[in-house]
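Asker: Provided herewith is a single structure, encoded as structure tokens, for subsequent inquiry.
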Amino acid sequence: MSIPFVDLGAQYQSIKKEIDQAISGVLQDSAFIGGKRVAAFEEEFAAYLGASHCVGCANGTDAIEIALEALGIGEGDEVLVPAYTWISTANSVCRVGAKPIFVDVDPDFYTIDPNGLKAKITSATKAIIPVHFYGLPADMRSIMTFAQEHKLFVIEDCAQAHGASIEGKKAGTFGDVSTFSFYPGKNLGAYGDGGAMVSNDETIAARCRMIARQGQRKKHDHVMVGRNSRLDGLQAAILSVKLKYLDQWIAGRQQVANTYNELLSDLPLSLPQVPESFAHVYHLYVIQTDRRDDLKAYLGERGIPSLLHYPKPLHQVGVFDPQGPFTVSESMSQNILSLPVYPELTNAQQNEVAEAIRSFFKD
Ligand SMILES: *Cc1c(COP(=O)(O)O)cnc(C)c1O
């Protein structure tokens, strides 16, 4: 039985008719850039989250960069970022001229450790970027309290967490502004690149839009040096179709995760932990074992894919100023392993993954 790590083809087949119609509509109208479909998706996505404003852009990395710029963060500023995340989070900080200051992650939940923030604050600190890592919201209550005490902006990196929530409140609605990626493999993925900034603050949202549209207030009325970063019509039309299925797909991912939790519960592994009243959307299902490299090789020999998200914590990547040590992030990088998790994964496929892991630990 073949088991892909992700299966975007199976998802497309399940909604093919609607997707093909949406694409054909864009082609008929030649509505490739801007237009009603982009505006409609922005509105639908904001409504889905329970936020007031959504501004589409070209990808999730641009979204972070534009959000930082919209908050006036740049040269000489410091931004607190988890030591363990996808590299975009820290790259974006550098791209606006600021410095990412790493904070270790929580050993149980893998999101930025609120207890680690205080030691990293200086007079240059302007913002925190919590990442809702692997699909689990960061501890936003503690982070928002801390940010308010220290007058820091909060930018939520929601690239892995569309639809995740804390006590029913969606990730992306806690901070000053939040950023999303619609990279195809994300939980809400386009058929190419895409991203968005989301905010309840009209001024911040308007600044994001202005920066992403060449600094123009309206056509040919440029009031600042901006740039070009757009969500295109085809991607918006596709995302509008897919958004209708997001909750169903999240439920599918949660079901797969719960089944793994049961099938693997008695093995010497760390399984994902979810705090009370948090909804994890399992962009990734990540286990930990100190026999990670052997397990990964063993699964590979049996045709079972597994990946590392990510091989190195950011302070060890080599492109940022030396910082550390960060013991939790460093140990994670040695022990983590991501297993296939998506709503189309069949019971038979999932059993095969779990059986292979069980037999590894029996040998
Ligand atoms: C995917 C991702 C991004 C960047 O998104 P792109 O659309 O690929 O630029 C940013 N942060 C995190 C945590 C991500 O997983």
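Each value in this text was obtained by applying a stated rule to the coordinates, not by laboratory testing. This is a predicted model, so every value here is computed, not measured. Cβ atoms come from the backbone with ideal geometry, glycine included; neighbour counts cover every protein chain shown.
Asker: Considering the dipole of the chain built from charges on the beta carbon (Lys and Arg +1, Asp and Glu -1) around the Cα centre, which of Q160, L269, V96 is farthest to its positive end?
Answerer: Farthest along the dipole direction, towards plus: V96.
Asker: At 0.36 nm per residue, and after removing the present C-alpha to C-alpha distance, how many nm does the segment from N258 to T145 gain when stretched out fully?
Answerer: This chain segment gains 37.5 nm when fully extended.
Asker: Tally Lys and Arg at +1 and Asp and Glu at -1 over the other residues with C-beta under 14 Å from the C-beta of L152: what net charge comes out?
Answerer: Overall, the nearby charge balance is -1.
Asker: Long-range amide H contacts for I101: which residues qualify at under 5 Å (H placed 1.01 Å from N, peptide plane, sequence gap of 5 or more or a different chain)?
Answerer: Residues meeting the amide H criterion: V79, L80, V81.
Asker: Right, another one. So for the range 182-234, taking the charge dipole from beta-carbon charges (+1 Lys/Arg, -1 Asp/Glu), which of G215, G189, G233 sits furthest toward the positive end?
Answerer: Value: G215.
Asker: Further question on the same structure: Can you give the local net charge around S123? Use residues other than it whose beta-carbon is closer than 11 angstrom to its beta-carbon, Lys and Arg +1, Asp and Glu -1.
Answerer: After counting each charged neighbour, the total is -1.
Asker: Grab the alpha carbons of the range 277-363, take their convex hull, and tell me the volume per residue in Å³.
Answerer: Spelled out: Cα convex hull of the range 277-363, divided by residues, is 147 Å³.
Asker: If neighbour count is taken as other Cβ atoms inside 10 Å, put R217, R292, R209 in order from fewest to most. Mind showing how you got there, number by number?
Answerer: Numbers: R217 13, R292 18, R209 21.
Sorted ascending by nearby Cβ count, the order is R217, R292, R209.
Asker: Using only DSSP helix segments of four residues or longer, with each worth -39500 (n - 2.57), what per-residue ellipticity at 222 nm results for the chain after dividing by its residue count and rounding to 500?
Answerer: -12000 deg cm²/dmol
Asker: Let me ask something additional. Could you give the length gained by full extension between T122 and S331, i.e. 0.36 nm per residue of separation minus their alpha carbon distance, to one decimal place?
Answerer: 72.5 nm is the gain from fully extending T122 to S331.
Asker: With a sphere of radius 13 Å drawn around the Cβ of M224, what net charge do the other residues whose Cβ falls strictly inside it have (Lys, Arg +1; Asp, Glu -1)?
Answerer: Spelling it out: positives minus negatives among the neighbours equals +3.
Asker: Still on this structure, please answer the following. Which whole-angstrom value gives the distance between the alpha carbon centres of the range 128-186 and the range 321-363?
Answerer: Cα centroid to Cα centroid, the span is 24 Å.
Asker: Further question: Return the percentage of antiparallel bridges among DSSP beta bridges fully within the chain, rounded to the nearest 5 %.
Answerer: Working: 24 of 38 bridges.
Among the beta bridges of the chain, antiparallel pairing accounts for roughly 65 percent.
Asker: Report the paramagnetic label zone for E167: residues of the range 115-143 whose backbone N is under 12 Å from a point 7 Å from Cα along the Cα-to-Cβ axis.
Answerer: 140-142
Asker: From the phi of every residue in the range 18-27, what ³J(HN,Hα) in whole Hz does the Karplus formula 6.51 cos²θ - 1.76 cosθ + 1.60 yield, where θ is phi - 60° and glycine or proline is x?
Answerer: These are the phi-based 3J(HN,Hα) values: 5, 5, 4, 5, 5, 5, 4, x, 5, 5 Hz.
Asker: Rounded to the nearest 0.05, what FRET efficiency do D266 and I15 have when you use their Cβ-Cβ distance and R0 = 25 Å?
Answerer: Once the sixth-power term is evaluated, E becomes 0.10.
Asker: Another question, if that's okay. Take the Cβ-Cβ distance between A40 and N115 as r, set R0 to 35 Å, and report the resulting FRET efficiency rounded to the nearest 0.05.
Answerer: That gives a FRET efficiency of 0.25.
Asker: Moving to a separate point now. Can you tell me the relative contact order of the chain? Whole percent, Cα pairs under 8 Å, sequence separation 6 or more. Please list the in-between numbers first.
Answerer: Values: 739 pairs, mean separation 78.3, N = 363.
After rounding, I find 22 percent.
Asker: Nearest 0.05, what FRET efficiency do R291 and K218 give at R0 = 51 Å with Cβ-Cβ as r?
Answerer: On the way: r = 60 Å, r/R0 = 1.18.
That gives a FRET efficiency of 0.25.
Asker: If you don't mind, another one. Taking the number of other C-beta atoms within 10 Å as the exposure measure, put K120, K218 in order starting with the fewest.
Answerer: Fewest to most other Cβ atoms nearby, the residues stand as K218, K120.
Asker: Next up: Using the Cα centre of the chain as the reference point, and only Cβ charges (+1 on K/R, -1 on D/E), how large is the resulting charge dipole? Debye, rounded to the nearest 20. Intermediate results must be reported in sequence, preceding the final value.
Answerer: Details: 32 positive and 42 negative charges, 187 e Å.
The dipole of the chain has a size of about 900 debye.
Asker: What is the dipole size for the range 172-236, taken about its Cα centre, with +1 at each Lys and Arg Cβ and -1 at each Asp and Glu Cβ, in debye to the nearest 20? Display every interim value, and only then the final one.
Answerer: Working: 9 positive and 6 negative charges, 55 e Å.
Using only the charged Cβ atoms, the result is roughly 260 debye.
Asker: Where nothing but the Cβ of Lys and Arg (+1) and of Asp and Glu (-1) is charged, how large is the charge dipole of the range 1-128 around its Cα centre, in debye to the nearest 20? Don't skip to the answer; put the middle values down first.
Answerer: Details: 9 positive and 17 negative charges, 20 e Å.
Roughly 100 debye for the range 1-128.
Asker: A follow-up question, please. Test of understanding: ordering M332, M197, M144, M224 by Cβ neighbours within 10 Å, fewest first, what list do you get? Present the calculation step by step, with values, prior to reporting the outcome.
Answerer: Numbers: M332 22, M197 30, M144 17, M224 12.
Sorted ascending by nearby Cβ count, the order is M224, M144, M332, M197.
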